[in-house]
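The values are calculated or read from the model by the stated rules, or taken from the named source; none is laboratory data. All figures in this text were calculated on a predicted structure; none of them were measured in a lab. Here the Cβ positions follow ideal geometry from the backbone for every residue, glycine too, while neighbour counts run over all protein chains shown.
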There are 2 protein chains.
Amino acid sequence: MRLSATDLEHGYALACQTVVEGDLEVFVPAQEEITRHLTTEKTAAKVALPFDYDWRTHQTVAKYFVEIPPPDLADNTDDLARLERELARHYDLRDLDAPLAVLRTLAHTLREADWRVTVVIDKSPQRPRLLDVLPGDQMQALYGAAVDIGTTTVTVYLVDLFSGDVVETAADYNGQIKRGEDVISRIVYASKNGTGLMELQSLVAMTVNKLVERCAHRRQIEPREIYKMAIVGNSTMMHILLGLPPEQIRLTPYITTVNQPPQVLATELNLNIHPLATVDSLPGVASFMGADITAGVLSSGTCSSDKVTLFLDIGTNGEMVFGTSEWLVSCACSAGPAFEGAGVFHGMRATTGAIEEVWINAKTYEPSIRVIGGGKPRGLCGSGLISLIAEMFITGVTDKAGSINLTLPTKRVRQGEHGAEYVIAWAEESDTGQDIVITKPDVDNLLRAKAAIYAGYVTLAHSVGMTLNDVEQMLIGGSFGQYLNIEKAIEIGLLPDLPWERFKFLGNTAARGAYMALLRKDARDEIAEIAKKMTYLELAADNAFTDQFMAAMFLPHTDMTQFPSVEKVLEGEEQ
Amino acid sequence: MRLSATDLEHGYALACQTVVEGDLEVFVPAQEEITRHLTTEKTAAKVALPFDYDWRTHQTVAKYFVEIPPPDLADNTDDLARLERELARHYDLRDLDAPLAVLRTLAHTLREADWRVTVVIDKSPQRPRLLDVLPGDQMQALYGAAVDIGTTTVTVYLVDLFSGDVVETAADYNGQIKRGEDVISRIVYASKNGTGLMELQSLVAMTVNKLVERCAHRRQIEPREIYKMAIVGNSTMMHILLGLPPEQIRLTPYITTVNQPPQVLATELNLNIHPLATVDSLPGVASFMGADITAGVLSSGTCSSDKVTLFLDIGTNGEMVFGTSEWLVSCACSAGPAFEGAGVFHGMRATTGAIEEVWINAKTYEPSIRVIGGGKPRGLCGSGLISLIAEMFITGVTDKAGSINLTLPTKRVRQGEHGAEYVIAWAEESDTGQDIVITKPDVDNLLRAKAAIYAGYVTLAHSVGMTLNDVEQMLIGGSFGQYLNIEKAIEIGLLPDLPWERFKFLGNTAARGAYMALLRKDARDEIAEIAKKMTYLELAADNAFTDQFMAAMFLPHTDMTQFPSVEKVLEGEEQ
């Protein structure tokens, strides 16, 4: 990390380099405090039912009301067999797996309820599993939950499994964040001592539990009324959730313990829904191609399209899939969390106070900004950074290589502590009382991130003998995508230079894929099929990728013929 | 309970009627202390392999050694899939259920063991379950355990699942004894408060664990090397082991929660073998016809015999099965634990100091006795009581009704605190320093017990239109049976009056049935078949039984034509 002379003068020191010699008070700068409710939760549109749905035919979890003839001396069949007899008679259900937890209360429930009960059955195991026996008629509702565990954000959909509707949604930061911002730092933390893994497991389980409780509370139900959960996440998040050591994920040759995790019971993961609820961790493909992407390929329609499709999920990592309904090829780029504001001097997450859009006057080099929440700015979030760099490039504040032109006739460009920098907001305009700047190292970080992603596109296309011009539609998932300005993303070379109508922003494709898998067994099977048929390119072993990466380390690219629209804009500026 | 005037004089009081007003010391009379090692354990003959056995074809648990090609960038399949690939290739094993506990150590074990591992697979679930992945070649042995949970005694066989041999046995009192001697008192204890059931569960689990550890220690293995357990017991013992409330078992119409309990994992019952080991609770038929009997029907050969067979398992309860390979009918008699010495004034269990055989001189009425361990007597165990009552009856110390003849010319008969009694050992000959006697109430207790059992035989035979003369063989299980004297048991009317060669004493048929089910899947399936096809007569609802019971309340029976051999003996005595 970098501390400026001014910082040092003000008494700043690097915590990681400092020995604590006595009591001390710790202040966390305001910008790092986590705003409780993410904007995604507040602004989430109602999630529409993505397909036909009839719980009787599509759903693996079901409820049945039965009235059982009470026993007498002439008919002394045991309680379970009596129940099974009626379920076979009326619903053709046979050979149930009856867990001990259900059997332990069965005698009492049957008699308490006067032999009228509602049973909850999970038909997903090879033997249908008796999840619960509830007193009386409780056919009014049946719940499940779809969960997306992002490295940064966890999202929960509470779903009415009878109607198929998402009835509540909630999202919040992954509780693991305090143990590292990105996947690699989580793996390191999980691997470094005996309890790190289980601590991270517990942190994410607590996050999921908190969100489930929030949804349940709003719906006025108990979390234990949730009888099924489908979960997606990248392979590291899934490993940690399942308590599987993730360390091999970051070590060559990058091997997961399992890409298609077994279904487990909620109680095994300390998830506070019904303890016997099946938790279905959807399948991934490789260490850096997880269930969030296979689920996204399904929900985005990539896998069912006749068009040549480029699907990009841009979050803390950048994963992309190239293909049609016939074939799929994928890769992951360690873009790092630069687009989430990390590794950028005044970067921050997309919460209140973040600059999300910038315009620079080509004559005066004065910026106009839009700030989330409308108040004074505190820093720049991902979309703000893309917007800023595009504007700086188009207006000549930087050149193709990202070098800031210090000769411009404006005080906005200057030599700062970390090299050349551009001032977006003066101290008196900012919420922090400091100048908000972007520095040359920041620009370099973002260049590396966007170059990795662009090189990924090209490598994928080349791997199947195509070019990016063959892309008939580009589907963009991830909450970040929702705020992306296509024009500016093309200008910096983060998106390929395609006609704008070919881009579609789909929001949280991962969560929606989990939701689809939660509802319909055939959708769940399709994700497994996607995981099976998708080819994964390991870029770490790919020289062609390295070449493409180097070529993309410019604004927008070394090869301007790949960005004709940007060339035109630049020509326009020059006139 | 009964306290004599002498007892009161000596300061005895009933603990249940006494208020403790200060500190007190409790002395437990020597006779009630549990001798650590039961005689059954010390004298157990080597258990022979009961049938052909080849683990590769018969056993559901198996071990396989595999060498796995290590991953590289070109072959980055996940760890589990790599393992499964080799298991499919070499052993045709597919679609494994991989529990989290195994997955959590898989990455480490594979690498630590340099990709050479021994896997343990349980093929009994519908999907074969991966129980363990052990480093290196560990094909030298594979263990299982067969367990018989008696109300009084728990028996464990440690079995080498490769050879099929019982390599160690251990037995001890069921730890639940301190919460009640018989099934009914255990049910009452389990039902009376919130923790009674789980306390009893824990007590029996601790007993099993102790015995398993004892076997494992002698074999120099770890308990977690035991990968399978088959358990039998009466329905109450099975309910308590599984943590199922047993209270409906004793309430009309006597309904169990489940007669065919699900297979569970050892960890669910706090059994300290391998946590993922399948614990197979064998199926029973009804509240008072448990897995100990269905297992005994198999191991005794009752279910495979062409002969009309009467199978009796006499332990704390008395259960019996009448049938052939074609049909089976059964009933249970609440004989109570009289034959284990309970409810008899000087009764005791069959341990050191128990009188196990008595002869009475027909002229002098002086007894000769044989004492377990050879020392001074402390009381009478079951076989001793049967022997004593038979001798008293044959020599005229009692009449047919069990009344003691006080007019005999001997000091041995006298009026005691509890009515007429006969002195077996004078105070100076006994270990307790007190006269050892049998009283009229004791005789009545034993009469009731034997009458219930005999009435059971007759009721069963009548239920299929037969009489006891049709019995072609009588098979007697239960450790008690091992010490039974046929002649004397017939003389008191406990056994039917059949030619002696028709009786066979088989020892612990329940444990042996569990052992057979542990070894061979088809034997396990046969027990389930037995449980399904066996008709159970509920005697509580049977007037014919009550009539038979009343008729059998005499020595040996009201109807002497049913006991011609005893009639002959009596005629001989009279000459």
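A few notes on this one:
- When the stretch B:227-243 is limited to residues that are within 11 Å of another protein chain (Cβ to nearest Cβ) and closer than 21 Å to B:Ile527 by Cβ, the one that is surrounded by the fewest Cβ atoms within 10 Å (Cβ to Cβ) turns out to be B:Leu242.
- Test: residue in the stretch A:65-80 that is under 35 Å from the mean Cα position of the chain (by Cα) and either closer than 25 Å to A:Ile231 by Cβ or touching a residue at least 60 places away in the same chain (Cβ under 8 Å) (or both): no
Condition check ((1) buried (at least 24 other Cβ atoms within 10 Å of the Cβ); (2) among the hydroxyl-bearing types (Ser, Thr, Tyr); (3) in a strand (DSSP E or B)) across all residues:
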site: A:Val458; (1), (2), (3): no, no, no
site: A:His462; (1), (2), (3): no, no, no
site: A:Gly465; (1), (2), (3): no, no, no
site: A:Leu475; (1), (2), (3): yes, no, yes
site: A:Ile490; (1), (2), (3): no, no, no
site: A:Leu494; (1), (2), (3): yes, no, no
site: A:Glu501; (1), (2), (3): no, no, no
site: A:Phe505; (1), (2), (3): no, no, yes
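- B:Glu21 over 30 Å from B:Asn174 (Cα atoms), modelled with pLDDT under 90 and not assigned by TED's automatic domain parsing to the domain that holds B:Thr432: yes
- Among the residues making up the stretch A:276-288, those that are within 14 Å of another protein chain (Cβ to nearest Cβ), outside any strand (DSSP E or B) and among the aliphatic types (A, V, I, L, M) are A:Leu276, A:Val285.
- Among (1) touching a residue at least 40 places away in the same chain (Cβ under 8 Å); (2) β-branched (Val, Ile, Thr); (3) more than 14 Å from chain A (Cβ to nearest Cβ), the one test that B:Thr57 misses: (1)
- Among the conditions (1) over 30 Å from B:Ile221 (Cα atoms); (2) within 14 Å of another protein chain (Cβ to nearest Cβ); (3) surrounded by 24 or more Cβ atoms within 10 Å (Cβ to Cβ); (4) at pLDDT 95 or above, B:Ala332 misses just one, which is (4).
- Pick from the stretch B:76-95, criterion surrounded by fewer than 18 Cβ atoms within 10 Å (Cβ to Cβ) and of a type in the set (A, V, I, L, M), ranking: nearest to the other protein chains (Cβ to nearest Cβ): B:Ala81
- Criterion: out of contact with any Pro (no Cβ under 7 Å at 6 or more places or on another chain), of a type in the set (Phe, Trp, Tyr), outside any helix (DSSP H, G or I) and closer than 28 Å to B:Thr395 by Cβ - qualifying residue of B:Phe554, B:Phe549: B:Phe554
- Counting the residues of the stretch A:359-393 that are touching a Pro at 6+ places or on another chain (Cβ under 6 Å) and closer than 18 Å to A:Val566 by Cα gives 1.
- Scanning the stretch A:321-353 for residues that are of a type in the set (S, T, N, Q) and in a strand (DSSP E or B) gives a single hit, A:Ser330.
- Consider the stretch A:155-180 and keep the residues that are free of Cβ contacts under 8 Å to residues at least 60 places away in the same chain, buried (at least 18 other Cβ atoms within 10 Å of the Cβ) and assigned to a strand (DSSP E or B). The one that is farthest from the chain's Cα centre (by Cα) is A:Glu168.
- Residues (under 26 Å from B:Pro262 (Cα atoms), touching a residue at least 60 places away in the same chain (Cβ under 8 Å) and in a loop (DSSP other than H, G, I, E, B)) located in the stretch B:289-313: B:Gly301
- Selection count where residues are of a type in the set (S, T, N, Q) and more than 9 Å from every other protein chain (Cβ to nearest Cβ), scope the stretch A:96-115: 1
- Of all residues in the stretch A:154-193, those being at pLDDT below 95, of a type outside the set (D, E, K, R) and out of contact with any helix residue (DSSP H, G or I) (no Cβ under 7 Å at 6 or more places or on another chain) number 4.
- Test: residue in the stretch B:206-226 that is closer than 30 Å to B:Ala62 by Cβ, under 21 Å from the mean Cα position of the chain (by Cα), within 14 Å of chain A (Cβ to nearest Cβ) and not polar (S, T, N, Q): no
- Extreme residue, farthest from the other protein chains (Cβ to nearest Cβ), among residues of the stretch A:60-75 that are crowded, with 18+ Cβ neighbours inside 10 Å and in a strand (DSSP E or B): A:Lys63
- Where B:Leu539 falls short, out of the listed (1) touching a Cys at 6+ places or on another chain (Cβ under 6 Å); (2) buried (at least 24 other Cβ atoms within 10 Å of the Cβ): (2)
- Against the numbered list (1) under 27 Å from B:Ile249 (Cβ atoms); (2) free of Cβ contacts under 8 Å to residues at least 60 places away in the same chain, B:Asp559 comes up short only at (1).
- Of the residues making up the stretch B:409-424, one or more are within 20 Å of B:Thr352 (Cβ to Cβ), assigned by TED's automatic domain parsing to the domain that holds B:Gly353 and either surrounded by 15 or more Cβ atoms within 10 Å (Cβ to Cβ) or in contact with a His (Cβ under 8 Å, 6 or more places away or on another chain) (or both).
- Failed item in (1) more than 24 Å from B:Thr153 (Cα to Cα); (2) surrounded by 24 or more Cβ atoms within 10 Å (Cβ to Cβ); (3) of a type in the set (D, E, K, R), with B:Asp306 passing the rest: (2)
- So B:Ser124, is it surrounded by fewer than 18 Cβ atoms within 10 Å (Cβ to Cβ), assigned by TED's automatic domain parsing to the domain that holds B:Leu276 and outside any helix (DSSP H, G or I): no
- Boolean, B:Gly456 is under 22 Å from the mean Cα position of the chain (by Cα) and modelled with pLDDT under 95: no
- Put simply, of A:Gly513, A:Gly465, A:Gly477 the only residue that is at pLDDT 95 or above, within 27 Å of A:Gly382 (Cβ to Cβ) and not aliphatic (A, V, I, L, M) is A:Gly513.
- Residues that are assigned to a helix (DSSP H, G or I), at the interface with chain A (Cβ under 10 Å from one of its Cβ atoms) and among the β-branched types (Val, Ile, Thr), drawn from the stretch B:244-274: B:Ile249
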